Amino acid sequence: MNLLKFDWNPIPGIDIAGFYTLHFYSLMWVIAFILGWYIMKRIFTKENISLDYLDPLFIYTVLATMLGARLGHVLFYQSELISEDFFSIFLPFRFKGGFEFTGFQGLASHGAAIGIIIGMYLYRKKYNYKSLLWILDRVVIPVASGAVFIRMGNFINSEIIGKITDSAFGVRFIQDQYYKSEIVQRTGIKDVQKAYNAVTDNSQFQNLLEAVPYRHPSQLYESFCYIFVFLILWYFYSKTTKRDQTGFLFGLFLVLLWTIRFFIEFTKEPQGEEYINWANLNTGQWLSIPFVLIGLYFMFVFKPKTAVK
């Protein structure tokens with residue numbers, strides 16, 4: 001059965017006014033953050049929290065997510081950048097081997113999670129209206145919804161690809177197989193996107209297409225699963241009294257999301273030049289285990305301190 005197999009060779013974005021390209025990957029991030037803002041606005045309104053606290057929360061979340069995700073990627077997967085190309089960590093350029101605009105590439109979800117926790121701690125210190133865990137219990141709901149779109153963005157970008165498979169769900173990632181310079185050289189077509197398109201549209205280049213293996217669309221697996229993480233969190237928040245159990249929703253988020261990540265990793269190619277491979281578990285899996293354990297602690301063990309009268 002090959003009905004679900006297909007070739008993935010998308011355009012990266014839409015040209016606007018002839019000089020600016022709106023990249024679909026960036027658009028997924030924008031959608032994630034805007035949707036998150038509206039979800040938190042609904043939560044604040046439902047619980048009679050002043051909306052004056054909402055925009056600062058949004059700013060802290062965006063900065064904490066992006067900075068944490070970037071630093072997490074560097075520390076966990078590409079630590080050589082610290083000594084070899086330091087400024088590329090914080091700037092959308094590559095300086096090693098020549099100057100090149102790359103955009104902000106290399107973001108790790110584990111780093112984003114740590115960044116959000118630290119960001120919410122700093123936010124809580126400045127805006128003292130609820131406990132840190134109250135904020136975390138709520139903010140994980142829009143984070144879960146945002147994760148759906150981020151993984152869709154990864155799929156659009158043909159990044160974080162899966163392992164080679166002969167299953168019915170295989171996808172051929174043309175743009176991951178051939179780098180820009182390579183596809184131009186192999187096809188003789190100077191326009192990069194036209195060169196990529198020629199691989200799938202022109203029979204002259206079928207040999208290049210046949211060399212591309214089918215892989216698991218791990219990004220879509222993960223994105224689909226995160227829909228249920230969001231729905232489960234929203235159910236427990238809106239339909240049960242668990243929202244009043246301090247730390248429960250935060251713990252549930254950690255358990256659900258990182259359990260999914262742990263198992264999805266079995267279908268992914270290892271990320272980064274430096275990665276762990278202990279006991280047949282990779283870096284992403286080893287990093288997920290502590291999050292799951294912390295989540296179980298907050299769900300079933302943690303008891304908030306009561307004020308002394």
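In summary, helices (runs of 4 or more DSSP H) completely within segment 204-289 and bearing 2 or more residues that are under 19 Å from residue 143 (Cα atoms) and in contact with a helix residue (DSSP H, G or I) (Cβ under 7 Å, 6 or more places away or on another chain) occur at 218-239, 248-264. Which one of 191, 201, 166, 176 is closer than 25 Å to residue 271 by Cα, modelled with pLDDT of 90 or more and out of contact with any Ser or Thr (no Cβ under 9 Å at 6 or more places or on another chain)? That would be 166, the only listed residue that is closer than 25 Å to residue 271 by Cα, modelled with pLDDT of 90 or more and out of contact with any Ser or Thr (no Cβ under 9 Å at 6 or more places or on another chain).
Considering 240, 267, the condition of being surrounded by fewer than 19 Cβ atoms within 10 Å (Cβ to Cβ), in contact (Cβ under 8 Å) with a residue 60 or more places away in the chain, farther than 20 Å from residue 112 by Cα and β-branched (Val, Ile, Thr) is satisfied by 267 alone. Restricting to segment 118-155, give me the number of residues that are within 28 Å of residue 77 (Cα to Cα), among the hydrophobic types (A, V, I, L, M, F, W, C) and surrounded by fewer than 19 Cβ atoms within 10 Å (Cβ to Cβ). Qualifying residue count, segment 118-155: 2. Residue 25 falls short on exactly one of the conditions (1) in a helix (DSSP H, G or I); (2) modelled with pLDDT of 90 or more; (3) surrounded by 17 or more Cβ atoms within 10 Å (Cβ to Cβ), and that condition is (2). When the residues of segment 174-191 are filtered to those that are surrounded by 11 or more Cβ atoms within 10 Å (Cβ to Cβ) and among the polar types (S, T, N, Q), the one that is nearest to residue 206 (Cα to Cα) is 187.
Restrict the check to segment 81-92 and report whether at least one residue is part of a helix (DSSP H, G or I) and crowded, with 16+ Cβ neighbours inside 10 Å. Checked against the condition, which is being part of a helix (DSSP H, G or I) and crowded, with 16+ Cβ neighbours inside 10 Å, segment 81-92 yields at least one hit. Among the residues of segment 200-210, is any touching a residue at least 60 places away in the same chain (Cβ under 8 Å), over 26 Å from residue 290 (Cβ atoms) and buried (at least 19 other Cβ atoms within 10 Å of the Cβ)? No, segment 200-210 has no match at all. Exactly one residue out of 69, 32 is at pLDDT 95 or above, out of contact with any Ser or Thr (no Cβ under 6 Å at 6 or more places or on another chain), small (Gly, Ala, Ser) and under 25 Å from residue 91 (Cβ atoms), and it is 32. Across segment 45-61, a minimum of one residue is classified as among the hydrophobic types (A, V, I, L, M, F, W, C), touching a residue at least 12 places away in the same chain (Cβ under 8 Å) and not in a helix (DSSP H, G or I).
The values are calculated or read from the model by the stated rules, or taken from the named source; none is laboratory data. Everything quoted here is computed from the prediction, not taken from an experiment. Positions of Cβ are generated from backbone atoms using ideal geometry, with glycine treated the same way; all protein chains shown enter the neighbour counts.
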